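Asker: Sharing a structure here in structure tokens format.
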Amino acid sequence: MVPQACSAVVLLRNLLNILNQKNTMIKLLDKLNLEKKNIIGFGASGRGTTFLNYCGISKKYIKYIVDSSPLRAGKYMPGLKIPIYNTDYLKKMLIKLTIS
């Protein structure tokens, strides 16, 4: 095979893999939503933001995201409007769930 053809095959294979991962994630989130599960995210990194935006994962699926950076707390995931809370918020929620 010509090197350019090999690159195209690898690129196509990678694109199909990404689409498969996206579809798998959406199916899982749809299933969890149907089961009335509460879903939260952990870590508001740039890569996570890119992934969530690409997959169209919004507040429909994820209630909020917790992050240890005080610079991110109180803000929203860009493009998705999912609130970001400090990790202390998660600790409070876990205590409420445990005590309730």
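Asker: So which residues in the range 19-65 are assigned to a loop (DSSP other than H, G, I, E, B) and of a type in the set (D, E, K, R), if there are any at all?
Answerer: Of everything in the range 19-65, those that are assigned to a loop (DSSP other than H, G, I, E, B) and of a type in the set (D, E, K, R) turn out to be Glu35, Lys36, Lys37, Lys59, Lys60, Lys63.
Asker: If a residue must be of a type in the set (Phe, Trp, Tyr) and either touching a residue at least 60 places away in the same chain (Cβ under 8 Å) or farther than 19 Å from Tyr85 by Cβ (or both), how many such residues does the range 9-56 contain?
Answerer: Of the residues in the range 9-56, 2 are of a type in the set (Phe, Trp, Tyr) and either touching a residue at least 60 places away in the same chain (Cβ under 8 Å) or farther than 19 Å from Tyr85 by Cβ (or both).
Asker: Turning to a different aspect of this structure: Sort out which residues of the range 46-74 are closer than 23 Å to Lys92 by Cβ and loosely packed, with under 15 Cβ neighbours inside 10 Å, and write them in order of number.
Answerer: Lys59, Lys63, Ser68, Ser69, Pro70, Leu71, Gly74
Asker: Further question: All but one of (1) in a loop (DSSP other than H, G, I, E, B); (2) among the aliphatic types (A, V, I, L, M); (3) more than 27 Å from Leu15 (Cα to Cα); (4) in contact with a Lys or Arg (Cβ under 8 Å, 6 or more places away or on another chain) hold for Ala73; state the number of the condition that does not hold.
Answerer: Every listed condition holds for Ala73 apart from (4).
Asker: Sticking with this structure for a sec: Of all residues in the range 1-45, which are farther than 23 Å from Leu94 by Cβ and surrounded by 14 or more Cβ atoms within 10 Å (Cβ to Cβ)?
Answerer: Residues satisfying the conditions are Lys22, Met25, Ile26.
Asker: So, in the range 75-100, of the ones that are modelled with pLDDT of 90 or more and of a type in the set (Lys, Arg), which residue ends up surrounded by the most Cβ atoms within 10 Å (Cβ to Cβ)?
Answerer: Lys75
The values are calculated or read from the model by the stated rules, or taken from the named source; none is laboratory data. Computed from a predicted model, the values in this text were never measured in an experiment. Ideal geometry is used to build each Cβ from the backbone, glycine not excepted, and the neighbour counts take in all protein chains shown.
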